[in-house]
There are 2 protein chains.
Amino acid sequence: MNAHAPKDINIVPFVSVDNMMKLVNSIGIETFLGELAQFIEEDFKRWEIFDKTPRIASHSAEGVIELMPTSDGEVYGFKYVNGHPKNTRAGLQTVTGFGMLSRVDNGYPVLFSEMTILTALRTAATSAVVAKYLAPQDADCMAIIGNGAQSEFQAMAFKSLLNINKLRLYDIDAAATDKCIRNLSGKGFEIERCDSAEKAVEGAQIITTVTADKQYATILTDNMVGSGIHINAVGGDCPGKTELHKDILLRADIFVEYPPQTRVEGEIQQLPDNYPVTELWQVMTGAAHGRRNSRQTTIFDSVGFATEDFSALRYVRSRLDGTTYFEKLDMLADPDDPRDLFGMLLRAQIDVHKTL
Amino acid sequence: MNAHAPKDINIVPFVSVDNMMKLVNSIGIETFLGELAQFIEEDFKRWEIFDKTPRIASHSAEGVIELMPTSDGEVYGFKYVNGHPKNTRAGLQTVTGFGMLSRVDNGYPVLFSEMTILTALRTAATSAVVAKYLAPQDADCMAIIGNGAQSEFQAMAFKSLLNINKLRLYDIDAAATDKCIRNLSGKGFEIERCDSAEKAVEGAQIITTVTADKQYATILTDNMVGSGIHINAVGGDCPGKTELHKDILLRADIFVEYPPQTRVEGEIQQLPDNYPVTELWQVMTGAAHGRRNSRQTTIFDSVGFATEDFSALRYVRSRLDGTTYFEKLDMLADPDDPRDLFGMLLRAQIDVHKTL
């Protein structure tokens, strides 16, 4: 350490997968989702101060690797995330990620974290925050079509924020539904296993679609969706990947995170570029309407935006103090004299020789 | 670990500042620079296969934070780097950085590394690689104007690749020159300390300018530079920061890394957007001329490009095998069943309770 620099500024807290799981479990999954949702909502409400840019994608035949940066003027954050649909065949995650926060005033990182688990949590928390504004007021039952890695997180977030305690589950793969039921047992849900998407949506006020195939799929057709329903469309999140029939989009009110990104990646890639959509930050600040009446069909065309990852990292950082759920990484060179990087390297050599 | 995934694919090697210094010192700084230079040259020679994009910058009043991604189709890499000129006043580095490599075919990270020291090494190695093509053949003497953090790295790289053993040093701050002389003593240089930039360039065949102020400066004026000289202009590397008088640019042949970036950030920001420059990859592949004769004045308008960081990370990765100079980071969630991320989280909770 040099004399002038703040103590330990060269050391960056790192939250590993193991520590993230310990942090989440020590707080409790439901509480974690509820608190995380507050941070997400707070950041949506100060949307205009964020430095926003569509994600920077590097595409290949097998998938995509993306960087998602943003800044609120005081803190800068970015997430690295990949999407490789064929990974599951090799026993790998389709989506993995990590992220960091740093100080805008000096550029020094202040947090580095796994984001595979954290992304699953923030995606679910975002869906639930949005549903507070869009779902019918008396909703207690949600259909989940697609019972893969994200499904239980969605269920827990909707329980935490909206007291949804009835689930209707369907997946083309019965084993996925088995897994989802097993994981959610004892969590306070009344669960109905359904053998078709049509059955799953019966009586549900909220429909969550969260399937994984990278192709134009039609999980929901128009005649399956009654009026007054809120659709939480999570699975369609890249070019060429959609879940809803175009006719549903045309008779619903569509809500999005960041139109320049959603028009490329979301369900609305099926619609003309100027098709009217409502930005969620405007709903949350009161500048635009959310649900107006009980007959309206609403759609959250979720694709995931950089500010949500920023909120998630900000929340994790706020919860690390006083815990042991992080390691300290020696990430930043910190010579006694900032201009003497070479001298630091030379002195390290002498130190090595001394210890031999 | 799940049964199908490659062993330890969830564990990412991390090279800390301490381990980077140990790695460099165990190889030897000169050897490290020479081998690193080979990786940089190799990647310039296969320039056309790289996915290139100008860096993604987030500007603030105090500085800039940038992400520099690239890919060769098999490996993806990016660097995080900040530039905060006022940081030195607080005892902090102006520039810090870290970077990573990952596999394009599955998106999984394979290396995470500090890049403050590594960037200093790659910047110097790049300058020396370029000088192999542009400096006069008989060059043995280099002026270094600006004796800050990058200066010794430049000296060592030019010694390693071009056998430059005479240095002429000048800095407006005599303490910086003191430090540079101290650090380079016993490294096989004949060093002349000069009290002006004019004195420093006398008799030098190569002039390296590597000053740090973020402003339009004129370190070299036209009458200071004789014919046949190679100028290695390292310090001017962002909008509003230049080191050479425009008249020198107009009578020299200018060589650049990636024109779309250099026209914004380099010395040539002083020239019209269509001013002819030569791309270095073309010189290295033989598609364009480097130095043609002994009267030609050449300029490397160095700004630093993502492929050089990629080369540096690729080199470090190749040198880690069989060493202990890395830690293992548990960065990637790896459930037994890729769709069972939530179950992994639940089971971690049970594990915690078991150990209580």
Shielding of B:95-104 by partner chains, average beta-carbon count, 10 Å: 5
Whole-number Å³ per residue for the convex hull built on Cα positions in the range B:135-274: 104
Accessible area, probe 1.4 Å, largest first, for residues A:F39, B:F112: A:F39, B:F112
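Would you list A:H59, B:H245 from the most to the least accessible area, probe 1.4 Å?
The ordering from most to least exposed comes out as A:H59, B:H245.
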Long-range Cα-Cα pairs in the range A:236-356 (distance over 20 Å), rounded percent: 64
Å² of accessible area per residue within the range B:178-274, as computed with a 1.4 Å probe and no ligands counted: 43
Scaled radius of gyration (Cα, divided by 2.2 N^0.38 Å) that the range A:220-285 gives: 1.07
P(r) histogram, all alpha-carbon pairs of the range B:141-202 included - 5 Å bins from 0, percent: 4, 22, 35, 27, 11, 1
Value of [θ]222 nm, deg cm²/dmol, for the protein assembly as shown, DSSP H segments ≥ 4, -39500 (n - 2.57) each, nearest 500: -10500 deg cm²/dmol
Principal axes of the protein assembly as shown: Cα extent on each, largest first, Å: 88, 57, 41
Cubic angstrom per residue, convex hull over Cα atoms of the range B:21-159: 143
Around B:L162: net Lys/Arg minus Asp/Glu count, Cβ-Cβ under 13 Å: +1
Shortest-first nm distances, B:K132 label point to equivalent points in other copies (7 Å, Cα→Cβ): 6.0
Estimated inter-spin distance, A:A288 and A:E74, nm [label 7 Å along Cα→Cβ]: 2.7
Mean projection area, nm², convex hull over Cα of the range A:87-138: 6.4
Cβ-defined net charge surrounding B:I254, 9 Å radius [Lys, Arg +1; Asp, Glu -1]: -3
Relative pair counts by distance (%), Cα atoms of the range A:105-217, 5 Å bins: 2, 11, 22, 22, 18, 10, 5, 3, 3, 2, 1, 0
Unit charges on C-beta of K, R, D, E only; dipole of chain A, Debye: 320
Along principal axes, Cα extents of the range B:168-237, largest first, whole Å: 33, 29, 20
Of A:I49, A:L92, A:G77, farthest towards positive along the dipole that unit charges on Lys, Arg, Asp, Glu beta carbons give the range A:1-149: A:L92
Sequence-separation-based contact order of chain B, relative, with Cα cut under 8 Å and 6+ spacing, percent: 20
Debye, to nearest 20: dipole size of the range B:259-356, +1 on Lys, Arg Cβ, -1 on Asp, Glu Cβ: 480
Under 21 Å from the Cα of A:K241 - lysines, other chains or at least 8 residues apart: A:K86, A:K214
P(r) of the range B:282-323 over all Cα-Cα pairs, binned every 5 Å from zero, in whole percent: 5, 15, 13, 19, 15, 12, 9, 6, 3, 1
Using a 7 Å Cα-to-Cβ projection, B:R46 label spacings across copies, nm, ascending: 4.6
Of every Cα-Cα pair in chain A, the percent that sits beyond 25 Å: 55
Neighbour net charge for A:F44 - beta-carbon separation under 14 angstrom, K R +1, D E -1: -3
With DNA, RNA and ligands ignored, accessible area of B:K246 (1.4 Å probe; Å², nearest 10): 90
Where only alpha carbons of the range A:18-103 are counted, the Rg and the Dmax (Å): 15.7, 42
Length gained when the stretch A:D273-A:N165 is fully extended (0.36 nm per residue, less Cα-Cα span): 35.1 nm
Reduced Cα scattering model of the range B:309-350, Debye log10 I(q)/I(0), q = 0.25, 0.28 Å⁻¹: -0.84, -0.98
Burial of 40 Å² or greater, the range A:64-81 residues [accessible area, probe 1.4 Å, versus chain by itself]: A:I65, A:L67, A:Y76, A:F78, A:Y80
Spacing of the two label points (7 Å from each Cα toward its C-beta) at A:I49 and A:T324, in nm: 3.6
Contact surface B-A: accessible area buried, both sides summed, square angstrom, 1.4 angstrom probe: 7000
Residue-normalised accessible area of the range B:1-156, given per residue in Å² at a 1.4 Å probe: 30
Reciprocal mean inverse distance between Cα atoms of the range B:42-85 - Kirkwood radius, Å: 11.8
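The values are calculated or read from the model by the stated rules, or taken from the named source; none is laboratory data. Note that the structure is predicted; figures quoted are calculated from it, not measured. Neighbour counts are summed over all protein chains in view; Cβ atoms, including those assigned to glycine, are modelled from backbone coordinates with ideal geometry. The accessibility values were calculated without ligands, DNA or RNA, using every heavy atom of the protein model including side chains. Shrake-Rupley method; radii C 1.70, N 1.55, O 1.52, S 1.80 Å.
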